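Student: My structure is below; once you've seen it, I'll send some questions.
The values are calculated or read from the model by the stated rules, or taken from the named source; none is laboratory data. Just so you know, these numbers come straight off a predicted model, no measurement behind them. Every residue, glycine as well, gets a Cβ built from its backbone with ideal geometry; the counts of neighbours run over all protein chains shown. With ligands, DNA and RNA removed, areas are computed over all heavy atoms of the protein, side chains included. Shrake-Rupley method; radii C 1.70, N 1.55, O 1.52, S 1.80 Å.
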Amino acid sequence: MARASEAANASEASNTNADRPEIRVIGHPDPEGLLPDQTAPKAVSAISSDFIVKQAPTLNAFQLVNLLPGANVSSSDPYGLSASSSLTLRGLGQDQIGVLMEGAPQNDIGYYYAYPSQFADAENVRQVALAQGAADIDAPVVAAAGGVLSLTLDDPKPEMGGLLDLSVGSYDERRLFARFDTGVLGASGIKAFVSYSRNRADNWRGAGFDTRQHVDAKILGEWGDGNRASLAVSYNDANTSTYPSPTLAQWQESGRGFNYDAHYTDGDTNYWRLYRSPFRNLYFAAPVHLQLSDGLSFDSSAYLQTGHGNSPYGTQLSTTGNYLGEEELTQPITLPGAVDGLATVLGNYTGKQFRVGDVSKLTLKAGAHTITLGLWFDYGTDRVTQSYTSIGSDGRPLDQWGYQDKAIRTADGRLLAYENQRTRTVTRSFFAADSIALSPRLGIDIGFKGVSMVRRGTNYLPGPQAQVHTDSFAPLPRAAIHFKLDDRQQLFANITTNFRPPNEFALYDSYYDGELVTQGTNALKNEYSVSEELGYRYIGASLSFSMTAFHYHFRNRQVATVVESGGAQIASTINAGSQTSFGLDGEIDYRPSEGISVYASGEYLHTRLDDDLPIGGDYLPTRGKRAVASPSVQFATGATYDDGRLFGSSALKYVGRQYATFMNDESIKGYATLDLSVGVHLVGLIDARRTDLRFNALNVTNPHVLSGVYAFSTSAQDTPGRNGTVIAGSAPSYYIGAGRAFVATLSRAF
C-alpha cells in the first residue's frame, strides 16, 4: 500500500548498502504510510512490495488486495493455488474486472475471467493497484465496469545478485523460490532477472494435492531522457484441485465434510482424481516508452498469451443411446471397462487459447493541454471441447489433459463430444483524451473511446448451426475534474461509461440426448453502464485519508454464474435487466511513529434490481430486490510493524450478508477472517546480506463459513410469476471458506 516509487527506492538502497554490517531500519521509511499518493481523478488503492513481503509468499493477487475498499475475495484454499476463487468489487464479479500485468490483459477474452493462481510470483510483484470504478482510457480491457486490477513487476536490480525463499507449512506445504538478477550488462544499460518457483500442498479438506511450477523473467533497457523498453515473460504449469461447492442444504448436512471421495470404487463419478485441473499458460508483455521530444512521447504495449488446460469431472457413458449434437449414433461406442454397457469416464472441458494484441498511443503536452491519441488491436482464438476419456480400474484417468487423440470416439472415428467449437474474437479500439490544466489547482479531463468486438465461431457438432457471428460497437465517453484545495487536500469527480458484450458461450446451441436445450443467439444485448464518483483525499505527515461516493446504472446487466452442462460446470450469463448501485468507500492510514502503520477501510453498498426477470412467458418479481453477491457492508483493518529487527502485520476482514438469488430468498451470513504474521530481520547477525525469517498464520480464527456465492439462481423456492405461473426454484451453491494454515519462510538475498 506504499508508493511504487518508494518501494523501488528502498530496493536500490538495499542493494547499495548490501556490504555494510550495521543494522538498518528497513521497515517504514515512507512518511506517507500505507496509502499511496494519488492525483488521478478516480478512486485508486494499492499495495506495494513493502506490504507484500510480510505476507505468506503463497498468496495470489486476489488474496493480497482483500483489505482494500470494495474487494470481496472468496478463496477455496488458504494458499491460493486452486482456480476455485472469486473477486468482486462494489458487488461486480470478476468477469467485470479488468486485470493487467505489465500493461497486458490477463482476462479470458471469451468469458472475461482471470485466474490469479496463474499470475506472477509475489516476490516479483512491485505493486498491485486496484482502481475500483474506472479503467484508464488506454487500458486494453472490455467488461471492466468493476474496475481494473493492475500488477507491476519488479524491475531487474542494477547489481548482480539473487534471492532464495524456502517455505514449509500446514497440509505438507512446501515451496521453493529462486531468483537471479544479472545486474547491468556492461555498457549496454540492459539488465534482467529470471525466477523459478515450485509449490506443493495437500488439499486442506478432502483428498488430493496441488502442484504449481512457475517462471517469471524480465529484461529492461533504459536510455536517454526517460526512454525505456522491457520484455516480461510469465510461465505457469499447474495441476490443481477443484473443491466441490455445496448447496445450503448440503452445507448444513455435511459442513466441511462435503468433499470428493478419497478412494475409488467401481462406478464412482465423485473420485477426487477426476476433478484435478491441469493448465499451462505463457504470457509475454513488451511495454515501450519513447520520449520523442520535450513535449511528445510514444507508448506501446504489445502482448501475447497462450494457454491450454482441462477442467474435468466424473460422469458415466453407455455404449448405446448416444448422440452427437442432434445426430443419434446408431452404432455402439467402445467403452473400456464397461459393465452392462455402462462405464465411468472422465468428462473433459478443455480450452486452448491464443491471444495477441497491442495498444499504442501518442501523448502531446502543449501549454495547458496534455492530448492523448491511441489505438488498440486484439485478436484471440478459443478452442473449447467437451469430450470424454477412459479411466483405469483404479479410477485414474488415462489422460488428464483431454487430448483428442486419446479421447473416446464414435464407431466411425469421430470425436464423441458434448460441446465442440472454435471462436475467434477481434477487438479494435480508438481513443482520444485531453487533460486540461485550467489553473495550478484545477484540471479537467475529457475523453472518448470507441470499442468494436467481432466474434466469429464454428460449431463442429451435427445440427443446423455451423457458423456463428456477432458484431458489437460501443461509444464510451468520459469526463473528470480534479481540484487541489491545498498541498494536502484534493477533490475529484468523474463520469465513466463501460460496455460488456455477452460471452461466447451464449452464441452456441447446446444439446442433451439429441434435444436442443439451449439455443445460441447473437441477439443478446450488450450491457452498458454509466458510473459516477465523487471523492476527497487528504495526505498528511502522519495521517492519510480517502473517501469516495459512487453510483452506477446498468442497462442489460449481465451477471455471470455457473451452470451444469452435461455434467460440466460451464460459465454462463443471465441478463438481469436494469440495475442501480450506489455506495461509499473509505480508507484511512495512521502512522503514530516510524515503522508503525495502522490501516482501515470500509464500504457501504446499496444495490437495486430495477426490472422483473423474464423467464419463459412470465416475469419473476425481482424488481426492487438486491443484487446477488453484493454485501451491503464490508470493513477491514490492518497494521504493520518494523523496527529494523522485528516485523509483523495483521489483517482483519469482515464481509456482510450476501444474497444468492435474484429473489433474495436465500443468503449466507456475514463472516470475518484474521491473518497474522511475525518475523525477524537477521541481517547483521549472520552477515550483511538480507536474511529474513517470518511466520504467517492464515485465517487464525478458522471460522466454518460459506465465503461466497459460486453459482447463483433466479430463486431458491418455487415462486409465482407476475402472470400467475409458478416459476420453479433451484438451489444456489457456494464457496466453502478456506481453513486455517501456518507457513514459515526463510528468505535470503545473495
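Student: Do we find a residue being open to solvent by less than 10 Å² (accessible area, probe 1.4 Å), at pLDDT 90 or above, under 17 Å from T39 (Cα atoms) and assigned to a strand (DSSP E or B) anywhere in the range 519-531?
Tutor: No; the residues of the range 519-531 include none that is open to solvent by less than 10 Å² (accessible area, probe 1.4 Å), at pLDDT 90 or above, under 17 Å from T39 (Cα atoms) and assigned to a strand (DSSP E or B).
Student: Filter the range 739-748 down to residues that are among the aliphatic types (A, V, I, L, M) and open to solvent by 20 Å² or more (accessible area, probe 1.4 Å) and give me whichever is nearest to R179 (Cα to Cα).
Tutor: Narrowing the range 739-748 to residues among the aliphatic types (A, V, I, L, M): 741, 743-744, 746.
Then keep just the ones that are open to solvent by 20 Å² or more (accessible area, probe 1.4 Å); that gives 744, 746.
Details: A744: 19, L746: 14 Å.
My answer is L746.
To keep it simple, each residue is scored yes or no on (1) polar (S, T, N, Q); (2) closer than 12 Å to E123 by Cβ; (3) crowded, with 20+ Cβ neighbours inside 10 Å.
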{"position": "L164", "(1), (2), (3)": "no, yes, no"}
{"position": "S170", "(1), (2), (3)": "yes, no, no"}
{"position": "E173", "(1), (2), (3)": "no, no, yes"}
{"position": "L176", "(1), (2), (3)": "no, yes, no"}
{"position": "V184", "(1), (2), (3)": "no, no, no"}
{"position": "G189", "(1), (2), (3)": "no, no, no"}
{"position": "V194", "(1), (2), (3)": "no, no, no"}
{"position": "S197", "(1), (2), (3)": "yes, yes, yes"}
{"position": "A201", "(1), (2), (3)": "no, no, yes"}
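Student: One residue is enough: does the range 661-677 have a residue meeting the conditions under 30 Å from A249 (Cα atoms), open to solvent by less than 20 Å² (accessible area, probe 1.4 Å), part of a loop (DSSP other than H, G, I, E, B) and aliphatic (A, V, I, L, M)?
Tutor: Within the range 661-677 (the criterion being under 30 Å from A249 (Cα atoms), open to solvent by less than 20 Å² (accessible area, probe 1.4 Å), part of a loop (DSSP other than H, G, I, E, B) and aliphatic (A, V, I, L, M)), the answer is no, since none of the residues qualifies.
Student: Within the range 635-660, which residues are closer than 22 Å to S733 by Cβ and assigned to a strand (DSSP E or B)? Break it down stepwise before answering.
Tutor: So in the range 635-660, the residues closer than 22 Å to S733 by Cβ come out as 655-660.
Scanning the range 635-660 gives V655, Q658, Y659.
Student: Go through the range 279-321 and give me each residue that's open to solvent by less than 50 Å² (accessible area, probe 1.4 Å), β-branched (V, I, T) and under 26 Å from G347 (Cβ atoms).
Tutor: Within the range 279-321, T315, T319 qualify.
Student: Please go through the range 322-360 and pick out each residue that is touching a strand residue (DSSP E or B) at 6+ places or on another chain (Cβ under 7 Å), open to solvent by 30 Å² or more (accessible area, probe 1.4 Å) and not β-branched (V, I, T).
Tutor: Y323, E326, P336, G337, L342, Y349, K352, Q353, F354, D358
Student: Moving on. List every residue pair whose Cβ atoms lie under 6 Å apart, where the two residues are 6 or more positions apart in sequence or sit on different chains, the first residue falls within the range 513-536 and is touching a residue at least 40 places away in the same chain (Cβ under 8 Å), and the second residue, located anywhere, is open to solvent by 80 Å² or more (accessible area, probe 1.4 Å).
Tutor: G514/E326; G514/E328; Y528/R555
Student: May I ask you to say which residue of L415, L438, L476, L461 is aliphatic (A, V, I, L, M) and modelled with pLDDT under 95?
Tutor: So the residue among L415, L438, L476, L461 that is aliphatic (A, V, I, L, M) and modelled with pLDDT under 95 is L461.
Student: While we're looking at this one, here's another question. Does any residue of the range 500-511 turn out to be at pLDDT 95 or above and within 24 Å of the chain's Cα centre (by Cα)?
Tutor: No.
Student: Of a type in the set (D, E), modelled with pLDDT of 95 or more and more than 30 Å from I391 (Cβ to Cβ) - does that describe any residue in the range 283-295?
Tutor: So far as the range 283-295 goes, no, none of its residues is of a type in the set (D, E), modelled with pLDDT of 95 or more and more than 30 Å from I391 (Cβ to Cβ).
Student: So V125 ticks every box in (1) of a type in the set (A, V, I, L, M); (2) open to solvent by 10 Å² or more (accessible area, probe 1.4 Å); (3) closer than 24 Å to F742 by Cβ but one. Which box is left unticked?
Tutor: (2)
Student: Then there is this: Mind telling me which of the residues R645, R657, R694, R690 ends up being farther than 16 Å from G70 by Cα, open to solvent by 40 Å² or more (accessible area, probe 1.4 Å) and out of contact with any His (no Cβ under 6 Å at 6 or more places or on another chain)?
Tutor: Exactly one residue qualifies, and that residue is R690.
Student: Out of the range 371-418, which residues are farther than 14 Å from N322 by Cβ and either of a type in the set (S, T, Y) or touching a His at 6+ places or on another chain (Cβ under 6 Å) (or both)?
Tutor: Those that are farther than 14 Å from N322 by Cβ and either of a type in the set (S, T, Y) or touching a His at 6+ places or on another chain (Cβ under 6 Å) (or both): T372, Y379, T381, T385, T389, S390, S393, Y403.
Student: Moving on. From (1) open to solvent by less than 10 Å² (accessible area, probe 1.4 Å); (2) assigned to a loop (DSSP other than H, G, I, E, B); (3) closer than 18 Å to Y79 by Cα; (4) not aliphatic (A, V, I, L, M), pick out the condition that doesn't hold for G133.
Tutor: (3)
Student: Next question. I need every pair where a residue in the range 399-426 that is of a type in the set (D, E) has its Cβ under 9 Å from the Cβ of a residue that is open to solvent by 40 Å² or more (accessible area, probe 1.4 Å), sequence separation at least 6 or different chains.
Tutor: D399/D405; D399/K406; D412/Q331
Student: May I ask you to list the residues in the range 619-633 that are surrounded by fewer than 18 Cβ atoms within 10 Å (Cβ to Cβ) and either at pLDDT below 90 or under 27 Å from S546 (Cα atoms) (or both)?
Tutor: Result: S632, V633.
Student: Additional query: So, in the range 102-116, exactly how many residues are part of a strand (DSSP E or B) and in contact with a helix residue (DSSP H, G or I) (Cβ under 8 Å, 6 or more places away or on another chain)? Give the derivation first.
Tutor: The initial filter retains those residues of the range 102-116 that are part of a strand (DSSP E or B), namely 104-105.
Of the ones still in play, those that are also in contact with a helix residue (DSSP H, G or I) (Cβ under 8 Å, 6 or more places away or on another chain) are none.
Adding up the residues that qualify gives 0.
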